[in-house]
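See below for the structure under consideration.
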Amino acid sequence: MDLFYKSTRDKNEKVTASVAILNGLANDGGLYVPESIPELGVELSQLANMDYRETAFAVMSKFLTDFTEDELKHCINSAYDDKFDTKEIAPVVKVGDAYGIELFHGKTIAFKDMALSILPHLLTTAARKNNIKDEIVILTATSGDTGKAALAGFADVPGTKIIVFYPKDGVSPIQEKQMVTQTGDNTFVVGIRGNFDEAQTGVKKMFSNKDLNERMNAKGFRFSSANSINIGRLVPQVVYYVYAYGRLVKNNTIKAGDKVNVVVPTGNFGNILAAYFAGKMGLPIGKLICASNENKVLYDFFTTGEYNKNREFILTSSPSMDILISSNLERLIYLSCGCDTDKNIALMKELNETGKYTITEDMKNNIKDFYGNYASEEETKETIHEIFEKYHYLADTHSAVAYCVYNKYKKDTKDSTPAIVASTASPYKFTRSVMTAVDSKYDKLSDFELVDEMTRITGVKIPAAIEEIRTAPILHKTVCDSDKMQKTVEEYLGL
Ligand SMILES: *Cc1c(COP(=O)(O)O)cnc(C)c1O
């Protein structure tokens, strides 16, 4: 039985998984959602015996039903290989009384690698299946980590070009250096004078610009997206929650069937939505704990039912979560109102026109498994310091937001269900913020002196991703205003 994908904004659109991946965004600007969430179809006790690739196949084959077994296995084997610095791919480590799943062992040392290692393979397979001969142009807005992970995934992949927009002053120095040193003839990196939301809005506008798309097609190009609006991003992210559960069963932390809570440091709402999907597949997930930084739009949403982006955009030490318009929330909104496209369109229109909307009591009731809270900059710093002092474990700023919110949750609720904490980036990606949280004296050191000091105090080897950029030449220097993004794309593609 094939599983089809519907748009959150058009009840008549219905496409296969491969077409949904190719398109990225639906024609009407909506997001693709599976018609129903498939059952996991594996005994929970069995998960303990499955490695990452086997788990990936079990989960992804349920969602991507128009891929053959061979096609999907080829994609999985090409993605989850020695690009990751550990055979486990995503190891689970005990940090205090929490179980951190480290999602940063891929090429660019952030959790985006979990999905972006496989997306290019899914996309090129999807193009072949659907007889697409056009060159695929990946258009991506990044708050710091998606950009590099997508560049690494798509660099020199035949039949593709990738264009990344990042907020010039809104990413960490290491994040920026990683992107602007990217090699590959098909890569193009642009800094914009604006924030992530402006970059994301600019990209979405290009996707739905009919005239631009027609001129693209005439030249043999078509757009697709590497942002988490693409279900080819979302589906691979479901895998590691199932995998983490299997690890906890394997080491007897839980019995098969026991509930676990999940804590996710959240920005665009993709990672936590994947956890929600894992729960709907039958993984026994109790609470979905949504952790925000000072851009706490989601915390306010889960506590009041009002989503309101009309507020100051705050640059924090966890830049990958500096987001006020969480794109993937639209999928949850759509599902929580019984897949009512008219209701969803009305709310999204309100968001677009007034910057806010309020959901009904029924909808609120349908999403009561979510709990939201946030960590201030000071609390994030304290959490890094405390975890290092107590457990000699160095968390990055994003993961620290999650650990901090987990502690708040326990205090609030007295719930002692074991919790899986999504650990989304290596501390090496945010060396200055992390090291000065350990001790303010480190502020005097340069970025790479900090890297060396970090390896000295933790004994954790410097990741290849960091060694590579120490001396790499800067290859991308384009900077533009946020309203000139389309012009930059047209120039690059020769339209
Ligand atoms: C992207 C990112 C997040 C936020 O994930 P979403 O899926 O956008 O909610 C959190 N932490 C890090 C390190 C990231 O790169």
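Taking into account only those residues within the stretch 299-320 that are modelled with pLDDT under 95 and within 10 Å of the ligand (Cβ to nearest atom), which is surrounded by the fewest Cβ atoms within 10 Å (Cβ to Cβ)?
Only one residue tops the list, namely 319.
Looking for something in contact with a Pro (Cβ under 7 Å, 6 or more places away or on another chain), modelled with pLDDT of 95 or more and closer than 30 Å to residue 92 by Cα - is there at least one such residue anywhere in the stretch 458-480?
Within the stretch 458-480 (the criterion being in contact with a Pro (Cβ under 7 Å, 6 or more places away or on another chain), modelled with pLDDT of 95 or more and closer than 30 Å to residue 92 by Cα), the answer is no, since none of the residues qualifies.
Residue 291 - would you say it is within 16 Å of the ligand (Cβ to nearest atom), of a type outside the set (S, T, N, Q) and under 18 Å from residue 20 (Cβ atoms)?
Taking the combined requirement at face value, the residue does not satisfy it.
With the requirement that a residue be surrounded by fewer than 13 Cβ atoms within 10 Å (Cβ to Cβ) and of a type in the set (S, T, N, Q), what does the stretch 463-485 give you?
Residue satisfying the conditions is 471 alone.
How many residues does the stretch 342-366 hold that are free of Cβ contacts under 8 Å to residues at least 60 places away in the same chain and surrounded by 14 or more Cβ atoms within 10 Å (Cβ to Cβ)?
Here is the first cut: in the stretch 342-366, the residues free of Cβ contacts under 8 Å to residues at least 60 places away in the same chain are 342-343, 346-347, 349-366.
Next cut, surrounded by 14 or more Cβ atoms within 10 Å (Cβ to Cβ) only: 343, 347, 350-351, 355-359, 363-364, 366.
The number of residues fulfilling the criteria is 12.
When you check residue 55 against the structure, is it in contact (Cβ under 8 Å) with a residue 24 or more places away in the chain and closer than 30 Å to residue 465 by Cβ, yes or no?
Values: in contact (Cβ under 8 Å) with a residue 24 or more places away in the chain: yes; closer than 30 Å to residue 465 by Cβ: yes.
In short, yes.
Output the qualifying pairs, or none if there are none: Cβ atoms under 6 angstrom, residues six or more apart or on different chains, first residue in the stretch 167-190 and aromatic (Phe, Trp, Tyr), second residue outside any strand (DSSP E or B).
Here the result reads 188/492, each pair linking the stretch 167-190 to a residue that is outside any strand (DSSP E or B).
Tell me, please, whether a residue that is closer than 28 Å to residue 165 by Cα, crowded, with 22+ Cβ neighbours inside 10 Å and modelled with pLDDT of 95 or more can be found in the stretch 242-264.
Initial filter on the stretch 242-264 (closer than 28 Å to residue 165 by Cα): 264.
Filter once more, so that each one left must be crowded, with 22+ Cβ neighbours inside 10 Å: 264.
Checking which are modelled with pLDDT of 95 or more leaves us with 264.
Checked against the condition, which is being closer than 28 Å to residue 165 by Cα, crowded, with 22+ Cβ neighbours inside 10 Å and modelled with pLDDT of 95 or more, the stretch 242-264 yields at least one hit.
I'd like to verify a number: residues in the stretch 259-287 that are within 13 Å of the ligand (Cβ to nearest atom) and either part of a loop (DSSP other than H, G, I, E, B) or closer than 22 Å to residue 376 by Cβ (or both), how many?
The number of residues fulfilling the criteria is 9.
Only residues that are assigned to a loop (DSSP other than H, G, I, E, B) and surrounded by fewer than 21 Cβ atoms within 10 Å (Cβ to Cβ): list them for the stretch 72-106, please.
81, 82, 83, 84, 85, 86, 87, 88, 91, 96, 97, 105, listed by residue number.
Output yes when any residue across the stretch 150-163 is surrounded by 24 or more Cβ atoms within 10 Å (Cβ to Cβ), outside any loop (DSSP other than H, G, I, E, B), within 12 Å of the ligand (Cβ to nearest atom) and within 17 Å of the chain's Cα centre (by Cα), and no when none is.
Yes; the residues of the stretch 150-163 include at least one that is surrounded by 24 or more Cβ atoms within 10 Å (Cβ to Cβ), outside any loop (DSSP other than H, G, I, E, B), within 12 Å of the ligand (Cβ to nearest atom) and within 17 Å of the chain's Cα centre (by Cα).
Given the conditions (1) closer than 30 Å to residue 12 by Cβ; (2) within 15 Å of the ligand (Cβ to nearest atom), and given that residue 346 satisfies all but one, which numbered condition is not satisfied?
(2)
Taking the stretch 389-405 as the search range and keeping residues that are touching a Gly at 6+ places or on another chain (Cβ under 9 Å) and within 16 Å of the ligand (Cβ to nearest atom), which one is farthest from residue 299 (Cα to Cα)?
Among those residues, the one meeting the criterion is 395.
Applying the selection to the stretch 314-367, what residues are under 28 Å from residue 278 (Cβ atoms), assigned to a loop (DSSP other than H, G, I, E, B) and not polar (S, T, N, Q)?
Hits for the stretch 314-367 are 322, 323, 324, 325, 337, 338, 339, 340, 359, 367.
Regarding residue 477, is this residue more than 21 Å from residue 171 (Cα to Cα), under 27 Å from the mean Cα position of the chain (by Cα) and charged (D, E, K, R)?
In short, no.
What are the residue pairs meeting all of these: first residue in the stretch 248-276, first residue in contact (Cβ under 8 Å) with a residue 12 or more places away in the chain, second residue within 8 Å of the ligand (Cβ to nearest atom) and of a type in the set (Phe, Trp, Tyr), Cβ atoms under 9 Å, and 6 or more apart or on different chains?
From the stretch 248-276, the pairs are 271/111.
The values are calculated or read from the model by the stated rules, or taken from the named source; none is laboratory data. Please read these numbers as outputs of a predicted model, since none were measured by experiment. So basically every Cβ, Gly included, is an ideal-geometry build from the backbone, and we count neighbours across all protein chains shown.
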